[in-house]
Amino acid sequence: MVMTSNLSAVADFFIRTSDGNLLGRVISVLLALILFGVVFMLRRRIVSLILRVAKKLAAKAPHADEVIDSFTKPLIALVVSLAVYGAVQTVFWGFETASPKFLQQLLRTAVIVTLTWGLLKASGPAVSAARGEKGVLSETLVVFLSRIIQVVILVLAAVMVMDVFEYDITGIITGLGIVGLAFSLAAQDTASNFIGGVVIVADKPFAVGDWIQTSSLEGVVEDISLRSTRIRTFKDALVVVSNSSLAADEIINWSRMNKRRVEMTLGFTYQTSRETLGKVVEGIRELLKSDENVVGDPTVAFNEFGESSLNVTVSYFLNQTGYADYIRLKEQLNFQIMDLCESLGADFAFPSRTVYLEGGKS
């Protein structure tokens, strides 16, 4: 009762002391605060409802949920911006005056900024969706296109903001053309790197994660940008190579091997008999043919008479191209070949030379 009487007294005071407009102004301010407070508290629910409806409409589209979720934080910021704008407009309405044009420009800028934010976040998932489940586009091309789209979005957003504040866009574009002409000679290297990046993406000599070798380095590709490619060498050093030089160089892509070749020469002593050497050749050939990791028919042959050994050439392919697996399988087969040769009594030769001394006369 006491609180009610106090509120009534305050209301009577404003009514008696106002000139007819004070009460309306107070009410407009209170309405503005209530409007902002309600929307601010419900901002996440409002955005959640919008996203839920959008997901239902795009339910059949691939990666739709990921693309739509990219707009969560931007939409929350947009809802808060609209709440602020609505509250300020309510205050101006209570004071019976029009809101300044600058306020409307700020609102339009906020809409552009938040939508740009969402589009930048959604560019990656959107390109991935365009890639398709069958991987029509490579991972490298997805990254490359995402970055190009992001640059285009930022440029368009900047132009739209300038248009909101009534800048002379035509004059700015003309000025940019003159400046671009002035810097065109200085930017030849950048342009060539960009073209090199386009060539790399279009020709697909390698992708992110591939093990490549050029005339000057060898390593794993970590990133491909508009200007350069980052390669992690096997010494764990990160090398940044310009796309123009990389596109003009010879590139060996070891990751795209279907099989990996093993080639070696085994030398046996000259004391090894013809029969034993024949059994060694045939035994190694059958050993390799029976191994499930060996691809195709191996080549094993008594190749030549060396300076200090009878040389047998062994050549075959393994189905494992990864370096660690390749070395492991090669080691296993080497041990098996060694055991075979020991069981047949064939001794491996080492470089040696026999010196004959002619006896002198006393």
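The values are calculated or read from the model by the stated rules, or taken from the named source; none is laboratory data. Every value quoted in this text rests on a predicted model; they were computed, and no experiment measured them. Glycine also receives a Cβ, built like all others from the backbone with ideal geometry; neighbour counts cover every protein chain displayed. Just the protein is used for accessible areas: all its heavy atoms, side chains included, with ligands, DNA and RNA removed. Shrake-Rupley method; radii C 1.70, N 1.55, O 1.52, S 1.80 Å.
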How much length is gained if the chain between SER308 and GLN105 is pulled fully straight, taking 0.36 nm per residue apart and subtracting their Cα-Cα distance, in nm to one decimal? 64.1 nm
Of the residues ALA237, ILE284, MET338, the Cα lying farthest along the dipole of region 187-344 towards its positive end, which is defined by charges on the beta carbon of Lys, Arg, Asp and Glu, belongs to ALA237
Using mean Cβ contacts within 10 Å as the protection proxy, how do 75-81, 29-35 order, highest first? 75-81, 29-35
Roughly how many nanometres apart are two label points built 7 Å out from the Cα toward the Cβ at LEU344 and LEU42? 8.8 nm
Hey, can you rank 239-249, 340-350 by average C-beta count inside 10 Å, highest first? 239-249, 340-350
If amide hydrogens are placed 1.01 Å from N in the peptide plane, which non-local residues have theirs closer than 5 Å to the one on GLN320? ARG260
For LEU238, LEU357, give me the order by solvent-accessible area with a 1.4 Å probe, most accessible first, ignoring ligands, DNA and RNA. LEU357, LEU238
Residues with beta-carbon under 12 Å from that of ASP65, excluding ASP65: net charge, scoring Lys, Arg +1 and Asp, Glu -1? +2
